[in-house]
Each structure stands twice: as C-alpha cells, then as structure tokens.
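Chemist: Got a structure for you, written out below as structure tokens; questions coming shortly.
The values are calculated or read from the model by the stated rules, or taken from the named source; none is laboratory data. This is a predicted model, so every value here is computed, not measured. Here the Cβ is made from the backbone with ideal geometry for all residues, glycine too, and neighbour counts use every protein chain on show. Heavy atoms of the whole protein, side chains included, go into the accessibility calculation; ligands, DNA and RNA do not. Shrake-Rupley method; radii C 1.70, N 1.55, O 1.52, S 1.80 Å.
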Amino acid sequence: MRIPESKIEEVRSSSDIVDIISSYLTLKKRGKNYLGLCPFHKEKSPSFNVSAEKQMYHCFGCGVGGNVFTFVMELEKVSFIEAVRTLADKAGISLPSEGSEDRTQATENEALYTLCQMTGRYYFDNLTNTVEGKLALEYFHHRGFTDDTIRKFGLGYSMHSWDALIKKAEQEKISVEQLDKAGLVVKREDGSGYYDRFRGRAMFPIFSASGRTIGFGARKMREDDPLGKYINSPETPIYNKSRSLYGIFHSKESIREKEFAILVEGYADLISVFQAGIENVVASSGTALTEEQIQLIGRYAKNITLVYDADSAGSKATIRGVDLVIENGLDVKIAALPAGEDPDSFVKKHGAVEFQKLLGSAVSFLDFKAKMFQSQGLLETPEGQTRAVRSIVETIAKMKDEIQRNFYIKSVAERYGIYENVLFRELEKLIGKERSHEQQVRRREISQELPQDNTDAQKQPMSNELSAPERDLLKLMLENGNEMVQFILSRVEPELFKHPRARQMVQFIRQRAREGIALDANSLVNDLEDVDLKHFIADLAFRKYELSSGWAAIDSLPEEADPWEIAESCVTILRRQQIDGLITDNQRHMKAAAAKGEPTTEFMERHLALLQKKKELDSARLPEIVKK
C-alpha cells in the first residue's frame, strides 16, 4: 500500500530537521544555521550545515544534502517509504499498515533489517519458550540479568542444530541466500548447501543507533563447541563492526544527558553496568576502538571515560585508542579497575555507588601514561624517560585546542623537569608531521573520489563550479514560485546553461511548472530519484546569491532588491555569453575559409549581426544592489 501524499506531507511538516538530526549528532547554532561534524564522511572541522528555515541540510565537505527524509535514507540506508515510516513513528503519526506489496518493493537493506529483526525474535522465543533454551536462560540469570533486562536487550538462544534457523526462514518464505547476505548462515565447503552460523549459543542482538537489529554476538554454552568463546556476525551491507557500538541505542539519551560516555569491552559488562542504573555506557565488543566508533559517540557527547581492565588484552587494545579519541577532538579519561576485575564482576561485587566512585577517580591520559610507563620501568633510565616523554608529547600533538596543548606541555615540563621550550619545539615538529600526513591522506581521498571511467556524467563539474548567473537563476526559481519560473523560462532555454546538472534541473523544473506543481527545494528533493541531483539542489539552497554581476555574495536578497530585475540581469549575462561563443565559432570558421581561399562575406555579415545583438544586450541596465 502506497502512503498518501497528504500523509507524507504531514510527516514532513511534523519532523523538524534540527531535532531529528540532533538525535544523531551534535549540532551547534552558528548564525541562522546549525553546524556539526558530517556523519557521511570523516572530518575534523565541521562543515555539515542544517537550516531550520529551509528544513534542509548540506555538507560543504562531501556534497551530500537534502531534507529530513533524505537524511534518514542516507544515514540508515533505507528507502523513502521506510524513512517516512521511521519519522512517522517518531512524530506519533499513524500510517497505513505495510503489506506484501510494500515488502516486494523494499530495498535489499530493508529486507536485511527485517530479516535480522525476525531472527532476533526467533532467538528470544527459543530462550523463553523452549526446553533447550532454558540452559541459556539459566546462564543469563546466573549472570544476574533480570527478565526485564533480558527483554530490553532482546537476549536469546540459537538452537543446537545445523539448520533450525534455515527451517524457520523457509516457513517465513525467506530464501537461504537472504540469510547468507545477513551473515546468519555459512556456506558448506563442498558447496552442498548452508548451515546455521550460530548453534547452541546465548545470543546478544546488536542494534544500530536508531534501534534496528543489524547483527548478533553469540556466547558458547557447551564445552564441545569448537569455536571461540564469543563469535559475531560477519560484515554485511547493514553491519559494519568498525562503525557499530554495542548498547548505543539504549544508552544514547543518557550519554547526551550526562554529557559523557563510559566505554567498556563486552556485552555482559555493558548489560551489568546498565542494569545497575548507569546507562551512559557503550561497549566495543572486545575490538580495538575505531575512528568511526569515536565519531558515533561524538554525536551525543564530547567526553569518554575508558574503563581499563589491566588483565585484559582487549582492554589494552582499547587503551591504544586513547590517541584516536583525542585526535577526533573528544576528551578522554581512564578509570582503572582493580586487578582481576572487569566491569561486570566489579558492579556485582561492589554495586553501582562504588562503580560511580571508580568513574569519579578516572585520570587524564597524562596521569595514565605516566603510571603505565612507571610500571614498565621506563622512568628509571634517561633513555626510558625520553621514550615516555616523547610518547606523551605525541599524544598532546593530536589535540586540536592550542590552549589545551599549552597547558599539557607546561604540566609535562613540571612533572619531568624539562624546559618548556624543548617540549614546544618537539611539539611543533610533531604537529608539522601530522599536518603533512593529513594533507597526504586528503590528497589520496580526493584522488580516490575522482571518476575512474570516462562517462559524460562523471565529466560533470561540481556544483560549486556553477557560474554566478546560472546559480542565481536556479535559486530564484526555487525561492520565488512558479510565476518566477515562467518569467525566467520564457526568456532563457535550458541549453543556455553550461553546467550539465543545471540543464537537467531546469528541464525538471519546467516539467513541474507545466503540471502546475508548487516549487521549492525541500519538496523538489522528494520527487527526484537521482541522488546526485538531490545533493545538487541542497547545495544550491545553502549557497549565497552572487547576483551575477560582481555584487557581494549574500544569503538572501535584500528588501530593496527586485528579484525580477536580477532574473533579467542573469538572463542577459547568459545570452551575452552565448553570443560571445557564437562570435568565437564564427571567427574560427571565417579564418578557415580565408585559409582555403573561399569567400568570407557571409561570415563577416554574421559577425556584424552578432556584434549588434551584443551591443543591444550591453545597453541593458543591471540591478543596482549594494556593491562590494
């Protein structure tokens, strides 16, 4: 069943784009717009703009942009219909129920989300309603998890069978190929079929930040299980380990409220801490901390406390992420657990109050590194001290805040009795290397982003290469209604626009105008399937008017400016450029004819006629708007 246009418009008008995007990342007010770190590419300086007035977003770094629907579509990798449903749920708007027709039209990713959700429910049903599942249920209870916690985190059990899930999928008319795409089955080496990936294990569903089931962690229940203690879903189109954090869906609101995130290692660690009432906690699932995971936390808070387990190799990998946290502009502290303890065991033995005290005693990276170097015996020799201090300065060099760097350098100088100027020289050298490395990385990223084949679409210039009159005409049409569209299109043909995207957009606008459909950038984005054109329109919406004749670039037209005069001026400039091109072509043909001894009278007459047309255009008065 299709969603009626009236319902789509109701959802759009009820979904404030600033509120929606703020639930995914941190935005700060800058002038009329809001600014944040782009969730679609790696960046250290924010270039992601959100306009409450236009109800649109645009990143000046990577070029993505659109409205509230496209944001959810691109971030969650879902279709337009699924984005509408997600936003409707948030707004409390009821939509027509989804039928088999919708399921047929769903994107592959949506199908995988649906499959993982079904699988999670199946595992939960095994846990709570089968005799075999009682083994895992007793294990969870033994770990101290309450029934409410088990339900909240969707814990479950995979049957001790080679094909239990495959048979369940067959009943639901789900192909084994889909199970394979979701990482839920493994292909047999002899090619004879598939078998369940998870068998006889306690199951921990992994959720995205928006609450979708994207994968699973599984803990062994039987000693004869030949695989590791924990195994996880493989990488799939919807599950990327380096970009996922266990518990982020349950903890994000608490992280935002408390303005810091607690990072632990495993599933049980997180659940025990969360159950104890400390809900601003996420888990790296035993893997080394990644830049994407840090950026995910950074959407909700700028402070991270790493809970350090000295006896765990996994925690040591997490500690190596301290520099990465600082490099991404977040503040980090480290809380050391007593020897032999992990967060799960500590909370059970000592309770939430003591765990909060542990967090309160968390130290800076400087104190942590100093203690670590001391325990390693590095501070007992000049060579060791040199290594230790250089390591600390290397971390300081990753800080973005110059004042913060200076305070830490002073602290290191006092701690180790070294002249500050010596440390500052080392710091400047390291910062220089870091900048050089960043420039090299960016050059590589740009080269990878450049088109590799020779199609016409890939030859198209970026939207910031639009000429001023083309940009202003497009903005005027988007912001002044169909009457302006008719005014402009009666004076200029799409062929006068040199930028391929501009020509494409003018043709689309003309078609909309013929159908009598109201025009604005926000609604236009919904009706386009071309993602690049959506981004192009968002870019236009956020670009300044250049007024096409050397006037100062401004966000919107001043009251004294006449948009009709500006439109006439832009058309005049485009026509002048067209005539200049015709004159150039005519001169080339005239020279070629003369070189062959052919008559040139026809070319001379055309040249004079073109000059006369240009003279008539040059006499047109341009709008008098505030000059630079």
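Chemist: Rank these residues by their accessible area, most exposed first, probe 1.4 Å: Ser175, Ser523, Ser94.
Modeler: Working: Ser175 50, Ser523 20, Ser94 85 Å².
The ranking, largest first, comes out as Ser94, Ser175, Ser523.
Chemist: Next question, about the same structure. Which whole-Hz ³J(HN,Hα) couplings does segment 523-537 yield from phi under the Karplus relation 6.51 cos²θ - 1.76 cosθ + 1.60, θ = phi - 60°, glycine and proline marked x?
Modeler: The phi angles translate into 6, 4, 4, 5, 8, 9, 9, 6, 4, 4, 6, 4, 5, 4, 5 Hz.
Chemist: Still on this structure, I have one more. Rounded to two decimals, what is the ratio between the C-alpha radius of gyration of segment 101-171 and 2.2 N^0.38 Å? Intermediate values should be presented prior to the final figure.
Modeler: Working: Rg = 14.4 Å, N = 71, 2.2 N^0.38 = 11.1 Å.
Working it through for segment 101-171, the quotient is 1.29.
Chemist: Here's something else I'd like to know. Sort Glu172, Glu565 by heavy-atom solvent-accessible area, probe 1.4 angstrom, most to least. The partial results should precede the final answer.
Modeler: On the way: Glu172 90, Glu565 65 Å².
Listed by decreasing accessible area, they come as Glu172, Glu565.
Chemist: Next question, about the same structure. Given Cα pairs under 8 Å that are at least 6 residues apart, what percent is the relative contact order of the chain?
Modeler: Values: 865 pairs, mean separation 56.4, N = 628.
The value is 9 percent.
Chemist: Mind listing P(r) for segment 151-191? All alpha-carbon pairs, 5 Å bins, whole percents.
Modeler: 6, 18, 24, 27, 16, 7, 2, 1, 0
Chemist: Can you list the residues, at least 5 places off or on another chain, whose amide H is less than 5 Å from the amide H of Ile206, using H built in the peptide plane?
Modeler: Ile214, Gly215, Phe216, Gly217
Chemist: Give the Cα extents of segment 461-532 along the principal axes, in whole Å, largest first.
Modeler: Extents along the principal axes: 30, 29, 18 Å.
Chemist: Just to confirm a number: summing +1 for Lys and Arg and -1 for Asp and Glu over residues other than Met159 whose beta-carbon lies under 10 angstrom from that of Met159, what do you get?
Modeler: Residues near Met159 contribute +1 overall.
Chemist: Given Cα pairs under 8 Å that are at least 6 residues apart, what percent is the relative contact order of segment 228-358? Mind dumping the intermediate values first?
Modeler: Working: 214 pairs, mean separation 33.0, N = 131.
It comes to 25 percent, rounded to a whole number.
Chemist: Round to the nearest 0.05 the FRET efficiency obtained for Glu428 and Glu257 when R0 = 51 Å and r is the Cβ-Cβ distance.
Modeler: Numbers: r = 39 Å, r/R0 = 0.77.
Step by step, r from the Cβ atoms, then E = 0.85.
Chemist: Write down the Å³ per residue value for the convex hull defined by the alpha carbon atoms of segment 246-311. Please list the in-between numbers first.
Modeler: Numbers: hull volume 5.3 nm³, N = 66.
Taking only Cα atoms, segment 246-311 has a hull volume of 80 Å³ per residue.
Chemist: Additional query: Angle check, please: helix 468-479 long axis (alpha carbons) against the longest principal axis of the chain (alpha carbons), in degrees 0 to 90, nearest 10.
Modeler: With both axes taken from Cα atoms, the answer is about 70 degrees.
Chemist: To the nearest 0.05, how large is the calculated FRET efficiency for Asp323 and Phe80 if R₀ is 41 Å and r is the Cβ-Cβ distance?
Modeler: Numbers: r = 41 Å, r/R0 = 0.99.
Calculated value: 0.50.
Chemist: Scan segment 485-537 for trypsin sites (Lys or Arg not before Pro) in coil per DSSP, keeping those whose Cβ has at most 16 other Cβ atoms within 10 Å, and list them by number. Write down the numbers at each step before the final one.
Modeler: Values: sites: Arg491, Lys498, Arg501, Arg503, Arg510, Arg512, Arg514, Lys534; in loops: Arg491, Lys498.
Answer in residue order: Arg491, Lys498.
Chemist: Sticking with this one: On the protein heavy atoms, probe 1.4 angstrom, tell me the percent of accessible surface of segment 1-95 carried by carbon and sulfur. Write down the numbers at each step before the final one.
Modeler: On the way: 2090 of 4120 Å².
In segment 1-95, the share of accessible area belonging to carbon and sulfur is 51 percent.
Chemist: Return the carbon/sulfur percentage of the accessible area of segment 559-619, one whole number, probe 1.4 Å, all protein chains in place. Let's see the in-between values first.
Modeler: Values: 2110 of 3990 Å².
Of all accessible area on segment 559-619, carbon and sulfur atoms account for 53 percent.
Chemist: When the Cα centres of segment 111-148 and segment 24-100 are compared, how far apart do they sit, in Å?
Modeler: Cα centres, segment 111-148 to segment 24-100: 33 Å.
Chemist: Still on this structure, I have one more. For the chain, just run the numbers: alpha carbon Rg, then divide by 2.2 N^0.38 Å, N being how many residues it has.
Modeler: Working: Rg = 30.8 Å, N = 628, 2.2 N^0.38 = 25.4 Å.
In units of the 2.2 N^0.38 Å rule of thumb, it is 1.21.
Chemist: Using 0.36 nm per residue of separation minus the Cα-Cα distance, give me the extension gain between Glu380 and Glu108 in nm, one decimal. Working shown, then result.
Modeler: Details: separation 272, 0.36 × 272 = 97.92 nm, distance 5.94 nm.
Stretched out fully, the Glu380 to Glu108 stretch lengthens by 92.0 nm.
Chemist: Report the net charge of residues surrounding Ile93, where surrounding means a beta-carbon distance below 13 angstrom and charges are Lys +1, Arg +1, Asp -1, Glu -1. Walk me through the intermediate numbers first.
Modeler: Numbers: positive: Lys7, Arg12, Arg85, Lys90; negative: Glu9, Glu10, Asp89.
It works out to a net charge of +1.
Chemist: So what's segment 160-277 giving for Rg/Rh, alpha carbon basis, Kirkwood Rh from the mean inverse pair distance? Mind dumping the intermediate values first?
Modeler: Numbers: Rg = 16.3 Å, Rh = 16.0 Å.
My calculation puts Rg/Rh at 1.02.
Chemist: Compute the accessible area per residue over the chain, keeping the other protein chains in place, probe 1.4 Å, unit Å². Can you show the working numbers first?
Modeler: Numbers: 31420 Å² over 628 residues.
Value returned for the chain: 50 Å² of accessible area per residue.
Chemist: Would you mind telling me the share, in percent, of accessible area of segment 114-183 contributed by carbon and sulfur at probe 1.4 angstrom? Display every interim value, and only then the final one.
Modeler: Numbers: 1860 of 3700 Å².
In segment 114-183, the share of accessible area belonging to carbon and sulfur is 50 percent.
Chemist: If I take R0 = 25 Å and measure r between the Cβ atoms of Ala595 and Glu616 in this structure, what FRET efficiency does the formula 1/(1 + (r/R0)^6) give, to the nearest 0.05? Mind dumping the intermediate values first?
Modeler: On the way: r = 32 Å, r/R0 = 1.27.
E(calc), rounded to 0.05, equals 0.20.
Chemist: In the structure shown, do any of Lys241/Lys534; Lys173/Lys534; Lys44/Lys77; Lys7/Lys534; Lys241/Lys410 have a Cα-Cα gap over 27 Å, and if so which?
Modeler: Details: Lys241/Lys534 29 Å; Lys173/Lys534 36 Å; Lys44/Lys77 24 Å; Lys7/Lys534 22 Å; Lys241/Lys410 39 Å.
Among Lys241/Lys534; Lys173/Lys534; Lys44/Lys77; Lys7/Lys534; Lys241/Lys410, the Cα-Cα distance tops 27 Å for Lys241/Lys534; Lys173/Lys534; Lys241/Lys410.
Chemist: Semi-axes of segment 95-252's equivalent ellipsoid from the Cα gyration tensor, sqrt of 5 times each eigenvalue, largest first, rounded to whole Å?
Modeler: Details: eigenvalues 111, 83, 49 Å².
Computed over segment 95-252, the values are 24, 20, 16 Å.
Chemist: Please give the solvent-accessible surface of Arg576 in Å², to the nearest 10, using a probe radius of 1.4 Å with every protein chain present.
Modeler: Accessible area of Arg576: about 60 Å².
Chemist: Determine the percent antiparallel among the DSSP beta bridges restricted to the chain, to the nearest 5.
Modeler: Of all bridge pairs located within the chain, approximately 75 percent are antiparallel.
Chemist: On a 0 to 90° scale, report how tilted helix 500-514 is relative to the longest principal axis of the chain, with both axes built from alpha carbons and the result rounded to the nearest 10.
Modeler: 80 degrees
Chemist: Additional query: Would you please put 415-421, 118-124 in order of how densely packed they are, using the mean number of other Cβ atoms within 10 angstrom per residue and starting with the highest? All intermediate terms of the calculation are to be shown ahead of the outcome.
Modeler: Working: 415-421: 12.1, 118-124: 20.7.
With the highest mean Cβ count within 10 Å placed first, the list reads 118-124, 415-421.
Chemist: In whole Hz and in residue order, list the ³J(HN,Hα) couplings for segment 19-36 that follow from phi through the Karplus curve 6.51 cos²θ - 1.76 cosθ + 1.60, θ = phi - 60°; x for Gly and Pro.
Modeler: Couplings: 5, 5, 5, 5, 6, 10, 8, 7, 10, 10, 6, 9, x, 7, 9, 10, 10, x Hz.
Chemist: Against the longest principal axis of the chain, how steep is helix 365-375, in degrees 0 to 90 to the nearest 10, with axes from Cα atoms?
Modeler: For 365-375 against the chain, the angle is about 40 degrees.
Chemist: Also, I was wondering about something else. With labels modelled as points extended 7 Å from the Cα through the Cβ direction, what inter-label distance (nm, one decimal) is found for Phe60 paired with Glu414?
Modeler: 4.0 nm
Chemist: Let me ask something else about it. Counting pairs of alpha carbon atoms under 8 Å apart in space and at least six apart in sequence, what relative contact order in percent does segment 314-426 give?
Modeler: Values: 69 pairs, mean separation 25.2, N = 113.
The value is 22 percent.
Chemist: Next up: Binning at 5 Å from 0, report for segment 263-380 what percent of all alpha-carbon pair distances ends up in each bin.
Modeler: Pairs per bin, as whole percents: 2, 11, 23, 25, 21, 12, 4, 1, 0.
Chemist: Counting helices only, and only those DSSP H runs with n ≥ 4, report the 222 nm mean residue ellipticity of the chain as the sum of -39,500 (n - 2.57) divided by its residues, in deg cm²/dmol to the nearest 500.
Modeler: Rounded to the nearest 500, the figure is -16500 deg cm²/dmol.
Chemist: What is the set of long-range amide H partners of Lys333 at a cut-off below 5 Å, with H atoms built 1.01 Å from backbone N?
Modeler: Under 5 Å from the amide H of Lys333: Ile304, Thr305, Leu306.
Chemist: So, one more: Sum up the charges of everything whose Cβ sits under 13 Å from the Cβ of Asn126, counting Lys and Arg as +1 and Asp and Glu as -1, but leave Asn126 out.
Modeler: Values: positive: Arg121, Lys134, Lys167, Lys168, Arg199, Arg201; negative: Asp125, Glu132, Asp196.
Overall, the nearby charge balance is +3.
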